[in-house]
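Below: one structure, written as structure tokens.
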Amino acid sequence: MNNLLFMPIVIPLITAICLILLWRQRVIQRLVSLVGCVSLFLAAALLFSFVAPGNVLAIQAANWPAPFGITLVADTFSALMVLVAAFMGLSVAIYSLATLDPERESFGYHPLYHIMLMGVCGAFLTGDMFNMYVWYEVMLISSFVLLTLGGERSQLEGGVKYVTLNLLASTLFLIATGMLYGTMGTLNLADLGERMRQPETLSDLQLGLMTTLPILYLLAFGIKSALFPLFFWLPASYHTPPIHVTAIFSALLTKVGIYSLVRVFTLVFIADTDFTHTILLVIAGLTMITGVLGAVAQMEMRRLLSFHIVSQIGYLLMGLGLFSPLSLAGTVFFMVHVILAKSALFLVGGVLHRVAGTYDLKKLGGFYRSSIMLSILFFLPAFSLAGIPPLSGFWAKFALVRAGLELGQYAIVTAALAVSILTLFSMTKIWAEAFWKAQPPGKVQVDADQISRTLASGQTALPLLLPIVVIAALMVIIGVAADPVLAISQQAANQLLDPTDYINVVLHESASLANSP
Amino acid sequence: MREGMLSRLGLSTTQTKGSLAGWIIALLPLSFFVFFCTLIEPVAMGEPIRISYPWIPSLGVELSFLIDGLSLLFALIISGVGTFIIIYAGGYLAGHHQIGHMYTYLILFMISMLGLVLSDNIISLFVFWELTSITSYLLIGFKHEYQDSRYSALQALLVTGAGGLVLLAGLILLGVVGGSWQLSELFGRGEAIQDHELYLPMLILVLIGAFTKSAQFPFHFWLPNAMAAPTPVSAYLHSATMVKAGVFLLARLTPVLGGTSTWFFILTIVGGITMVMGAFLAIFRTDLKSILAYTTINGLGTLVFLLGLGTELAIEAAIVFLMVHSLYKGALFMVAGSVDHETGTRDIRELGGLGKYMPITAVAGGLAALSMMGMPPFLGFVGKEIIYKSAFGVAEHHMFLIMLAVLAMAFVGKVLTGVSAGLVTVSPFLGSKTTTPKNPHEAPISMWLGPVVLSALGLLLGLSVAFSKGLQDMIVAPAMGAVLHEHEVHAKLALWYGTEPETLMVFGLSMLTIVAAIGIYIRGRGTFASISQRVTMPWNAEQGYQFALNGMQSLARWQTRVLQHGYLQGYLLVVAMTLAGFGGLAFFSQVGLVAPVWSPQFPMVHEWLIAGMMLVATVLTIRLDSLLGAIVALGVVGYAVALIFILYAAPDLAITQFSIETLTVILFVLVLYRRQTITHLLEEEIARDSPAKRIRDLLIAGSVGVFITSIMLAITSEPLVSELKHFFAEESVPHGKGHNVVNVILIDFRGLDTMGEITVLGVAAIGVYSLIKLWFARDAENNTS
Amino acid sequence: MKISFSVILSTATYYLLPLMLLFSVYLLFRGHNEPGGGFVGGLMASAAFGLEMIAYGVNSARRELRVHPTTLIGTGLLVAVSSGFFALFEDQPFMTAQWWYDEKLPVIGKPGSPMMFDIGVYLLVIGIVSLILFSLADETEQIQEA
Amino acid sequence: MESLLAFVVGGLYAGGIYLMLRRSMIKLIFGLVLLGHASNLLIFTVGRLTSDQPPLVPDGAETLTEPFADPLPQALILTAIVIGFGMQAFALVLVKRMFLTARTDDVHAITTTDTF
């Protein structure tokens, strides 16, 4: 039964294999791809339903006991992340049916997409540091190819920066993991966590090194999750590929980095939290501020949104840095929220581009007048991102701000609130320019007819709009009825802060269900 | 031509179409109003009503409502005025293509506003608070295709939104310090909260929130700009409801935060300045709505000022004035809108003699103006008298000088308000007829019903005071009780308080106000406008806003240019510096330098040789001009690594490293060698960077190297204790069924790693293939087409 | 690539190719007990096709390989993943080794799912190396034509 | 020997980073390759060296007897080498594509996606 834990890895892989074997059979590929996404989502939902009551599931790959083999673990946080990733995978896969060009589709878009999902799910589920590195690489190489697939000049330029900086990050990840083994003699996260909770068994040197190695991990994961001052690759590259690629990247890749940071800085690197978590807070503040200022400066929708990814990452890190049950719950909730909001915004941007042929806010306009539905579909995620109640973003922000105030961390709270107003400012910029403003004279005239014509051609309306509608509806639901998700986030936070179950299930009750007290 | 422009403005001559919908939709606020009316008596007689639903228990947020005198009064105003506004909007925007949006936003706004005033939970109160900001953004920007509408909407949103965030922090502090999110529980904990060390920051945060929303100095500037909104919006949001949310919050929190001297001074000073400034600026305006906007600022200042005084009389005055203001201001805004709608202009210099053409509107405007001036027996008169009474009452609590200041401010404010009342009604409706862009005629019923009812109410309620205690016992006293958090509160309203010296003084001052106002109006009406055109303020708050906004955007552009400059080198440099800096800091603070260990065996000659070879090859890779040479040097490093693997008991690694290295070299040659141009570029490259840059890079790269070396020295200075090593050695043959332990790890113990690894390889190959082939597919397509 | 290599190379390749393939299979199977394994074996086999490419041109090598390299990649992955599924029938964790014959066979070693996994690796490596080499060779050819 | 290799790895790291900081994209790739070598060597070194017995169980024996080389770092390095190869191959072709498109390998020539 616990083999269910493998499904989020194996299903995308099998799907990708089928897609590789069906190379260039575009129609069949689409079908297989959708079936794969749906199965992944169902498996993730099933997994989540097992974990949601508070259980921690673990299984030892190839049946070698931990810490010798590789363990897969699902606690609330990881199962939730897998669920969200699978959901986004499905949504964007549907959306891309309408936006994919035949060339990219013939040259491996579908299999790469699934392999990326596989890497993401693997990184969420693994309980082994080196195995996490491997999943990161899986995710990374497929994102490299997805990013550059098509070979346009801007893609290549962005690709070179993306590839270089991320490979550097991988190198750091790799050597940090090597050093971790060299210091502690184990790679299993639960095993490491257990040892770190018995500091008397460790030598001074080990303790010191376990406060230095986190910095390497912080840099490695920090590059991947686009923290200040390591985020440059993201705004340089995220706006270059087709919009559905950007959407799935923004939904998943940086979030995996944050997931890993949360995981290792709650489970393993707790030797000197005053030192490490203060650094995290400082970085969090700088990340949100520089990110949002970057967004303010932009007039191109994709670039603007890309900078916002950076800014939001700061909030996610803030919850980790504050390190309290509420703040971590805030981070988990924020993660769900921001994944939904950000991808919805990119997807809406894609629709605008499809209608008006540009992402330039100066050239866009008139959408409020011509399509109230598109306006609503943009308005909800945009103002949710800005933290307007009762949309999902508000509760995320509220939890973080409250946690910060309770802990007396006024500086980061001030930053968070100031960034919030700047986020609002840049969201209203898109709203005012692309929606409210009358359309400037240009090649394409946007009116209701034009929109319905564009959307209706080639049965594209349904795949284009369905995912956005569903995501936007979710944002409202999560906002108005926030309690279930918040309760799950709190459960996840409690498990993160007290990983006794996690450690026991992995090390002592392997491959069996464990009920939390 | 004009027709087209007007319909773009939202003004159409087909006035009946669409207004019917307004009548029907107005039934919703009306039914609210009726419902709230039925609550008046139970609330006045008994306990406040509390209704509570769980909303987000994990954060302690309830959807709970507290209906007491204060919230009920606000709810009545919101739903009552709302009813007429909806009807009015139907007439005003008849035929507008987005009138449906207007109704939707107005209803949404009204519900948010009702939620705000009725909330018991401070977080749900905040939720509704933000909703009013966002709906007002949509309403102010209703004429969204106009630059200034968008500008004003954004300004209102940013100012109130920023204030809202500050308020959020304040409310959270309040909840944390007070130990509850429920107002009804916090009311009893006022003293404990005021003794807490966080009281002052909390107070300031909450006040900033309230001041931005209620357009207090220096945040007042957004309100006049918000007049870009269609008139129904201004009438509703900017007179009767949204701007009063801040006042409401202050009143609501008086039992919790009020009563301290900090509270007194901040509120009276800010309120006083706002009051006088608003009244003063109003008389220099020529735009009807603009005059009304500034007098609204005056009204809001008055309310804050009174709440700051905080005495029982002052609270009574605040409650009464709140009603007075909502009634006359709502009516006057709608009158101004009707004038604009029927004549095509709102400039008082272009208006005159409209009374003949728009008699009903003129009467309504006149009644409202009289209430505004405080003419007996209007409710405005009652309100003004209590204000003066409470100002005199200050002497009981504070120094005489303070009383004088308070009285002077109140007086000036009231006189100037009276002047404005003249400006907005006397000038347009009386005098001789002027030519206006449109030929005026009476507005439709949907547009005069509201002003008539509201202004008539101002008269009727004022009269009622003389013979009924209904108003004071059912409305005013319960509201005062809620603000003061006391059960037995008595209000006393009258048109004539008797002949005691103090009341006579108040009455005299009240009359003097009216006389002064009329005098100033008659003397100055023609000159105000021209003065305002000659005198420009050297600096005002709006310029501050603009400065901040521009500054922020310049900062953003500057920062983005500096950080995101596009040069990959620079990015890598930052990463390398972070690595060396952060890593070094952590390492040297936590571990410190560890000396190299040369025991048990000092490296032998061949080991030194290999090490030396690698370093030399590294230098050659850097230095060699020839591409092939650099590739070979790089290969040497790789083969040396394989050599080390052989020396240290890793045959599998050696084989793999050897074959991969060969493959890499082949790949490099295949990819690069044919590109003769690249070899040239390598030579150029050396000339590209200045020596200074190269030294800098060398230093940074070197410090990364030092960091790596020292951390490795530290790790290897102690022996590694690993159970894993022995487990693999023992399990490999019996259960892994293989003698090559490394291979058993790869395909069995850690087979999952290998699965990921081969996936990476597969994708990399597909990537290479697609990158090359897709490009050629494109190329071919371009050539054929 | 229009390369006219010496007859020696072509002749040598003609005889070397089967030998190298044979040797690569040997490397694959001995890997469980001696240095070697699917990865190194796969590299050896692809080296054979690389040689073929240099000697006779990319099209000849492609013919010699018979299947498209992407198919090899897919198949290799499929074989490797499938080997993990046998454990599921025994209700054991995914990838748990299943042994089908508990005696060491000559050359091959003990047949079981780990060996199948290694075979998958072997096929995949052939696929990727030839895919990369062929693509690069195509590119060079096309650039020269252009 | 660990200490000696620590210095070598540090040197390789310095060299690799220095190469990556050059303006040539080819050197960028060289730098990455160098870092790859350095990282493998680093894992090998901090996994502790032994020149005695490779992790191959002799025929007939059931288990290895001390001293023998730790097989785990070796397995990790094997994985890392292979992954590194895939990454480098892709990066190399990417840079070549970039070169063919932009006709230069100067990283200062590829700034258009950042400027606004």
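The values are calculated or read from the model by the stated rules, or taken from the named source; none is laboratory data. Because the structure is predicted, anything quoted here is derived from the model rather than measured. Here Cβ is always computed from backbone atoms with ideal geometry, including for glycine, and neighbour counts include all displayed protein chains. The protein model used for the area step is the full one, side chains on, heavy atoms only, and it has no ligands, DNA or RNA in it. Shrake-Rupley method; radii C 1.70, N 1.55, O 1.52, S 1.80 Å.
Quick notes
- Based on the Kirkwood approach, the hydrodynamic radius assigned to the range B:227-383 is 16.2 Å, with every pair of different Cα atoms included.
- Accessible surface comparison of B:Lys356, A:Lys429, probe 1.4 Å, protein chains only, largest first: the order is B:Lys356, A:Lys429.
- Computed on chain A, with alpha-carbon pairs under 8 angstrom and 6+ residues apart, the relative contact order is 18 percent.
- Legend: calculated FRET efficiency, C:His68 to A:Met373, from the Cβ-Cβ distance at R0 = 41 Å, rounded to 0.05, equals 0.35.
- Shown in residue order for the range B:173-188 are the 3J(HN,Hα) couplings computed by the Karplus curve 6.51 cos²θ - 1.76 cosθ + 1.60 at θ = phi - 60°: 4, 4, x, 5, 5, x, x, 7, 9, 9, 4, 4, 8, 5, 3, x Hz (x for Gly and Pro).
- From the alpha carbon centroid of the range B:212-262 to that of the range B:121-195 is 11 Å.
- When the protein assembly as shown is described by a simple charge dipole with +1 on each Lys and Arg Cβ and -1 on each Asp and Glu Cβ, the residue from C:Phe117, A:His244, B:Phe84 located farthest towards its positive end is B:Phe84.
- Per-residue HN-Hα couplings for the range A:358-374 [Karplus 6.51, -1.76, 1.60; θ = phi - 60°; Hz; x = Gly/Pro]: 7, 10, 7, 5, 5, 8, 7, x, x, 6, 5, 5, 8, 8, 5, 5, 4
- Loop-located GluC sites (Glu not before Pro) across the range B:430-500 with a Cβ neighbour count of 11 or fewer within 10 Å are B:Glu486, B:Glu488, with loop assigned by DSSP.
- Scanning chain C for trypsin sites (Lys or Arg not before Pro) that sit in a DSSP loop and have at most 14 other Cβ atoms within 10 Å, the longest stretch containing none of them is C:3-65.
- Whichever lysines have a C-alpha closer than 17 Å to that of A:Lys363, once near sequence neighbours (fewer than 8 apart) are set aside: A:Lys429, A:Lys437, A:Lys443
- What separates the Cα centres of the range A:26-94 and the range A:233-275 is a distance of 19 Å.
- Accessible surface area normalised per residue over the range B:197-304 is 19 Å², counting heavy atoms of protein chains with a 1.4 Å rolling probe.
- Neighbours of B:Leu300 by Cβ distance under 13 Å: Lys/Arg scored +1, Asp/Glu scored -1, total +3.
- Each peptide in B:180-193, C:71-84 gets a packing score, the mean of other Cβ atoms within 10 Å over its residues, and the list from highest to lowest is C:71-84, B:180-193.
- Using the Cβ-Cβ distance between B:Cys37 and A:Val35 with R0 = 56 Å, the FRET efficiency computed as 1/(1 + (r/R0)^6) comes to roughly 0.40.
- Geometric descriptor of chain A, per residue, is 127 Å³ (volume of the convex hull of the Cα atoms).
- Heavy-atom accessible area for A:Asp274, with the other protein chains in place and a 1.4 Å probe, reaches approximately 120 Å².
- Measure of compaction for the range B:96-217 (Cα Rg per 2.2 N^0.38 Å): 1.22
- Counting only heavy atoms of the protein chains and using a 1.4 Å probe, B:His735 has close to 110 Å² of accessible surface.
- Legend: residues A:Glu137, B:Glu350, sorted from most to least accessible area (1.4 Å probe; ligands, DNA and RNA excluded), read B:Glu350, A:Glu137.
- Square roots of five times the Cα gyration tensor eigenvalues for the range A:295-480, Å: 33, 17, 12
- Positive-pole candidate from B:Ser432, B:Ala318, B:Ile122, dipole of chain B, charges at beta carbon: B:Ser432
- Taking 0.36 nm per residue of separation and subtracting the Cα-Cα distance, full extension of the segment from B:Ser261 to B:Val721 would add 158.9 nm.
- Applying the criteria of a DSSP loop state and at most 12 other Cβ atoms within 10 Å to the chymotrypsin sites (Phe, Trp or Tyr not before Pro) of the range B:584-638 yields B:Trp598.
- Solvent accessible area, Å² - A:Asp204, 1.4 Å probe, full protein context: 130
- The B-D contact accounts for approximately 9100 Å² of buried accessible area, totalled over both chains at a 1.4 Å probe radius.
- Size of the B/C contact, given as accessible area buried on both chains, probe 1.4 Å, in Å²: 3500
- Pairwise FRET efficiency - A:Asp274 versus B:Met613, Cβ, R0 = 41 Å, nearest 0.05: 0.35
- A viscosity of 1.002 mPa s and a temperature of 20 °C, combined with the Kirkwood radius over Cα pairs in Stokes-Einstein, give a translational diffusion coefficient for the range A:1-271 of 112 µm²/s.
- Charge context of A:Met318, other residues only, Cβ under 14 angstrom, K/R +1, D/E -1: +1
- Debye log10 I(q)/I(0) for the protein assembly as shown, one point scatterer per Cα, at q = 0.04, 0.05 Å⁻¹: -0.32, -0.48
- Computed from label points 7 Å out along Cα-Cβ, the spacing between A:Asp447 and A:Ala411 is 5.7 nm.
- Here the dipole of the range B:417-558 is about 800 debye; that uses its Cα centre as origin and unit charges on the Cβ of Lys and Arg (positive) and Asp and Glu (negative).
- Environment charge of D:Leu21, counting only residues whose C-beta is closer than 10 Å and scoring Lys/Arg +1, Asp/Glu -1: +4
- Residue-averaged beta-carbon neighbours from other chains (10 angstrom radius) around B:615-622: 6
- Annotation note: chymotrypsin sites (Phe, Trp or Tyr not before Pro) in the range C:29-135 located in DSSP loop regions with a Cβ neighbour count of at most 10 within 10 Å are C:Tyr101.
- Taking every protein chain into account, the accessible area of the range A:295-480 amounts to 26 square angstrom per residue (probe 1.4 Å).
- Accessible surface of the protein assembly as shown, 1.4 Å probe, proportion on carbon and sulfur as whole %: 66
- Partners for B:Lys384 among lysines (Cα-Cα distance below 24 Å; same-chain residues under 8 apart left out): B:Lys244, B:Lys289, B:Lys329, B:Lys414, B:Lys469, B:Lys492
- Cross-link partners of B:Lys693 among aspartates and glutamates, defined as those whose alpha carbon lies under 20 angstrom from its own and excluding same-chain residues fewer than eight positions apart: B:Asp625, B:Glu683, B:Glu684, B:Glu685, D:Asp105, D:Asp106.
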